Amino acid sequence: MAITALGLAAGRQLAPERPDQTIASMTAAFGLGQIVGPAIGGWLAERSGDFVTASWLAVAVLLIGAALTARADSVRRASPEPPRSAARGV
């Protein structure tokens, strides 16, 4: 649960103007991974006889996700801050 909370906080930081949209995208991606991951992992394990290949694939996908997140964060930091709206009280 702590990992999920950290991910949601990071999503809010990456897109403070639309955190709902970011969190919805993260939730959809998580759900897709929960559906597709075990199916692919099982298929790879059945073909190879163990879970080594499936584990390495999971590592690769995790690293790609981390790289994309780091890139999104660096792009966000490089762009100028939008003016804060007085109407939102922020």
Open item on the list: So Arg84 ticks every box in (1) modelled with pLDDT of 95 or more; (2) not in a helix (DSSP H, G or I); (3) not acidic (Asp, Glu) but one. Which box is left unticked?
Closed with: (1)
TODO: Please determine, by comparing only the residues of segment 26-49 that are within 13 Å of the chain's Cα centre (by Cα) and surrounded by 13 or more Cβ atoms within 10 Å (Cβ to Cβ), which one is modelled with the highest pLDDT.
DONE: Gly33
Task: Segments classed as helices (runs of 4 or more DSSP H), wholly inside segment 1-81, with at least 2 members that are among the aromatic types (Phe, Trp, Tyr) - done: 19-48
Task: Residues within segment 57-73 that are at pLDDT below 85 and either among the charged types (D, E, K, R) or loosely packed, with under 10 Cβ neighbours inside 10 Å (or both), tallied - done: 1
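The values are calculated or read from the model by the stated rules, or taken from the named source; none is laboratory data. All values derive from a computational prediction rather than experimental measurement. Counting neighbours? That spans all protein chains shown, and the Cβs are built from the backbone with ideal geometry, glycine included.
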